[in-house]
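Enquirer: The structure is given below, and queries will be raised subsequently.
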Amino acid sequence: MGKTIALVSSVAMLLCTSVQAQPDVQPGRPWLNTSLSPEARARSALAAMTLDEKLRLIFGYSDQAFTKLAKVPDDIVPPDLKTYVVTRQNEGSAGFVPGVPRLGIPDQTQTDASMGVRNSLIPSTALPSSLATAASFDPAVSHAGGVMIGAETRATGHNTMLSGGVNLAREPRNGRNFEYTGEDPLLAGTMAGALIDGIQSNNIISTIKHYAVNDAETQRTTLDVTISAQAMRQSDLLAFEFAIERGSPGSVMCSYNLINGRWGCENDYLLNKVLKGDWGYKGFVMSDWGAVHSTASANDGLDQFTGFCCVGDKPWFGPPAMKAALQSGLISQSRLDNMVERILWALFAKGAVDHPVKVAPIDYGAHAAVSQKAAEESLVLLKNDGDLLPLRGVKSIAVIGGNADRGVPAGGGSSDVTPVGGAIIIDKWTYLPSPPLAALKKELPRAKIGFDTGADLASAAALAAGSDVAIVFLNQHNSEGFDGKLKLEGNQDALVAAVAKANPKTIVVVESGSAVFMPWASQAPAILQAFYPGIRGGDAIARILTGKVNPSGHLPITFPASLEQLAHRELPGLGMPGETPVEIVYGEGAAVGYKWHDVKGYEPLWAFGHGLSYTSFALSDLTAQPDERAIKVGFSIRNSGKRAGKGVAQVYVAPADWKKAGWEAPKRLGAFTKADLKPGKSKRVELTVDPRLLATYEAANNNWHIKAGEYHLLLGQASDDLPQAVTVTLPDAVWSASVSN
Ligand code: BGC
């Protein structure tokens, strides 16, 4: 007996040792020693690799390769590699990069995107659109969503999520705004950074994309964006900078467009100088699918060609092409090594080597609850005249339009999640199976709820006239690949007008990818902006309309009142054949969204940061002091109403003379917070304004520069509602924009 126990315990010890003491078990394989730094592990793995093994890591294959690679000639992709890809790639994945099994380096199995797993035969859970989540003004909501979709990425067998969209909503019609996190660099960078951090907490890689200034879809592969370095650093690049600092993504995906005459994926300024130089970025740059134009782009900072597919594709980083480039001296051995080392670093640092992914069951119920909570934190109550909402004591409701009997819309393109429960396709658009009509019936079992599709205005108006209240659902579809319209599609504007005329108690729920015009806004007493609300969107909408949930979202994007208010009325190349070379000069520079409206004195339809609650919040006792180069602000927020709720406090900074300070606009968002408060309760909040939000970028010396002077700190609950102010005096401050200085 004693002997057996001794034997069992020594076997157990042996097992423990074999798990923990990696160096003993892996003699000569220091890269598998988890106690070494990712840098050391990457270096030692690189040293052990043959040239052919290195070349595997820098050339990725798209989902199409799965069926089409076999036809690609062997002198483009060698036969052994083709066989490897086709046998190991996940069916339905977005992309695949072969690993090196001999050394324990895993394949990179890639899936889209920021709102959930798209590329899998296994269904998954869709979050609300990223723009919706940005409206929560709460990075914890974004983080929780990231943790959830990252878990599903692993459980569907992927170790790389092509996520982290953070392009600024410079163009409100951008077809991909729903994938991004709004128009303000601080808000966008904070929310995207939190998402990436949540995803990567699952020991997988997340990208951040699309680097950079890829702010419109029209002619996206040939659009040449002209913008100054200063404007970029203070707008689009600042959003990336904040998000990379907060989320530390393993990879950056470079974009399709050209920036100042150079493709995003061969842009020495953006990739080598800013990203890897000034920001000290250690991960790797992967291309967007089809965004590579030369082998020489490796010298401009591209580390991995991703998305090779079929006959006809240019294999710029394919093994034969790279070998020829090494031989001719076009690419140096040390540059190739650096490319591979960066990819290895990301695989080690983010846990993809030590925690191999495998297909596992998904707790869909728990994950849908995460998505529902995100929607409940994010939907924005734009208007609520006469406290029409929440619905109380209504006996009959007319629900009209927006396919509210079928589901809620989702955005199109590569981020269109394959949802559990099955996508509902209506007129080629994806809807998620969470119909608001059914959810309202569940929340209000005693009310008589009728439905009208809204196709016929007279019939919709008749139903509305015979009901206590009418709720009109409006859909605006947006997708990757083309830009949208601000005017609602079809008869929807007329529908609201007709219904509101028939029943003055008309509530409008807008499900859209981006901003839309609302010519009927004055006729509808209540408006809820629901964006694309995710897999439990219907429930979230119903719970907000009925008051189970108190709305707390605030707009992450300005809703312009007219086309005349846009910085660019025309989208260059619109209506022209695909891949027509076109240019756009972003003359508004860093004055994006509310900043542009402030510069021009335009009153928007709805201002950035606007959002109502069923309770009210009072802000007071604002204080501010300079703290080195930053500013520390403090204030109290109190729930001054009768219901529990979440208030969003926003601090903007406004130089006494913004032109003299060199700013792009009169004010910038400097800090924000969300506070959960019971009625009558208050909380003291301390926040810091990042020095870069006080400065201008000076390209000549690569510096940030705060100009001496007076700066007002404005506190309120929307960019157009800032009742509190204090002033600080800042001294002149100049510092390098590069981490290495
Ligand atoms: C999109 C990327 C996406 C990739 C892979 C591209 O068309 O721009 O965002 O990750 O496809 O699906």
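Enquirer: Scan (1) over 26 Å from Ser378 (Cα atoms); (2) buried (at least 19 other Cβ atoms within 10 Å of the Cβ) for the single condition Asp627 breaks and write down its number.
Expert: Every condition holds for Asp627 apart from (2).
Enquirer: When the residues of the range 99-117 are filtered to those that are outside any loop (DSSP other than H, G, I, E, B) and within 12 Å of the ligand (Cβ to nearest atom), which remaining residue is nearest to Gln26 (Cα to Cα)?
Expert: Gln110
Enquirer: Let me ask you something else. For residues that are open to solvent by less than 10 Å² (accessible area, probe 1.4 Å), part of a helix (DSSP H, G or I) and farther than 14 Å from Leu57 by Cα, tally how many sit in the range 321-347.
Expert: Counting residues in the range 321-347 that are open to solvent by less than 10 Å² (accessible area, probe 1.4 Å), part of a helix (DSSP H, G or I) and farther than 14 Å from Leu57 by Cα gives 1.
Enquirer: Exactly one of these conditions fails for Glu183: (1) over 26 Å from Gly95 (Cβ atoms); (2) within 13 Å of the ligand (Cβ to nearest atom). Give me its number.
Expert: (2)
Enquirer: Being assigned to a loop (DSSP other than H, G, I, E, B), open to solvent by 60 Å² or more (accessible area, probe 1.4 Å) and more than 30 Å from Lys82 (Cβ to Cβ) is the filter here; which residues of the range 25-56 pass it?
Expert: Pro27, Gly28, Thr34, Ser35, Leu36
Enquirer: Looking only at the range 44-84, filter to residues that are aliphatic (A, V, I, L, M) and touching a Pro at 6+ places or on another chain (Cβ under 6 Å); which one of those is farthest from Ala321 (Cα to Cα)?
Expert: Step by step, filter the range 44-84, then rank; the result is Leu55.
Enquirer: Moving to a separate point now. Open to solvent by 10 Å² or more (accessible area, probe 1.4 Å), of a type in the set (A, V, I, L, M, F, W, C) and farther than 21 Å from Pro128 by Cα: is that true of Ala438 in this structure?
Expert: So Ala438 does not fit the description; no.
Enquirer: I need every pair where a residue in the range 95-111 that is closer than 17 Å to Leu162 by Cβ and among the acidic types (Asp, Glu) has its Cβ under 7 Å from the Cβ of a residue that is away from the ligand (no atom under 16 Å from the Cβ) and part of a helix (DSSP H, G or I), sequence separation at least 6 or different chains.
Expert: From the range 95-111, the pairs are Asp107/Arg88.
Enquirer: Restricting the search to the range 127-149, which residues are open to solvent by less than 10 Å² (accessible area, probe 1.4 Å), in a loop (DSSP other than H, G, I, E, B) and more than 16 Å from the ligand (Cβ to nearest atom)?
Expert: Within the range 127-149, Pro128, Ala135, Ser136, Phe137 meet the criteria.
Enquirer: Could you tell me how many of the residues in the range 197-214 are without any contact (Cβ under 8 Å) to a residue 60 or more places away in the chain, over 9 Å from the mean Cα position of the chain (by Cα) and under 22 Å from Ser514 (Cα atoms)?
Expert: Number of matching residues: 2.
Enquirer: Hey, another quick one. Tell me whether the range 403-425 contains one or more residues that are modelled with pLDDT of 95 or more and under 20 Å from Lys505 (Cβ atoms).
Expert: Yes, because at least one residue in the range 403-425 is modelled with pLDDT of 95 or more and under 20 Å from Lys505 (Cβ atoms).
Enquirer: Something else about it: Only one of these is without any contact (Cβ under 8 Å) to a residue 40 or more places away in the chain and open to solvent by less than 50 Å² (accessible area, probe 1.4 Å): Gly645, Gly611, Gly641. Name it.
Expert: After ruling out the rest, the residue left standing is Gly641.
Enquirer: Of the numbered conditions (1) more than 19 Å from Gly538 (Cα to Cα); (2) surrounded by fewer than 24 Cβ atoms within 10 Å (Cβ to Cβ), Asp405 satisfies every one except a single condition; which is it?
Expert: Unmet for Asp405, out of (1) more than 19 Å from Gly538 (Cα to Cα); (2) surrounded by fewer than 24 Cβ atoms within 10 Å (Cβ to Cβ): (1).
Enquirer: Looking at the range 269-288, can you tell me whether even one residue there is at pLDDT 95 or above, farther than 27 Å from Glu39 by Cβ and away from the ligand (no atom under 16 Å from the Cβ)?
Expert: Looking for residues that are at pLDDT 95 or above, farther than 27 Å from Glu39 by Cβ and away from the ligand (no atom under 16 Å from the Cβ), one finds none in the range 269-288, hence no.
Enquirer: Output the residue which, of all residues in the range 289-301 that are away from the ligand (no atom under 15 Å from the Cβ) and among the aliphatic types (A, V, I, L, M), is surrounded by the fewest Cβ atoms within 10 Å (Cβ to Cβ).
Expert: Ala296
Enquirer: While we're here: Which count do you get for residues in the range 302-314 that are open to solvent by 30 Å² or more (accessible area, probe 1.4 Å), away from the ligand (no atom under 15 Å from the Cβ) and in contact (Cβ under 8 Å) with a residue 12 or more places away in the chain?
Expert: Residues meeting the conditions: 2.
Enquirer: If I filter the range 602-613 for residues that are assigned to a strand (DSSP E or B) and under 25 Å from the mean Cα position of the chain (by Cα), do I get at least one hit?
Expert: Yes, the range 602-613 has at least one match.
Enquirer: Scan the range 240-258 residue by residue and report those that are within 16 Å of the ligand (Cβ to nearest atom) and among the aliphatic types (A, V, I, L, M).
Expert: Passing the criteria: Ala243, Val252, Met253, Leu258.
Table: residues versus (1) surrounded by 18 or more Cβ atoms within 10 Å (Cβ to Cβ); (2) free of Cβ contacts under 8 Å to residues at least 24 places away in the same chain; (3) farther than 29 Å from Gly413 by Cα.
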{"site": "Thr453", "(1), (2), (3)": "no, no, no"}
{"site": "Gly481", "(1), (2), (3)": "no, no, no"}
{"site": "Asn491", "(1), (2), (3)": "no, no, no"}
{"site": "Lys501", "(1), (2), (3)": "no, no, yes"}
{"site": "Lys505", "(1), (2), (3)": "yes, no, yes"}
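The values are calculated or read from the model by the stated rules, or taken from the named source; none is laboratory data. None of these values were measured; they are calculated from a predicted model. Please note: Cβ atoms are built from the backbone with ideal geometry, for glycine as well, and neighbour counts cover all protein chains shown. Accessible surface is based on the protein model in full, side chains and every heavy atom, while ligands, DNA and RNA are left aside. Shrake-Rupley method; radii C 1.70, N 1.55, O 1.52, S 1.80 Å.
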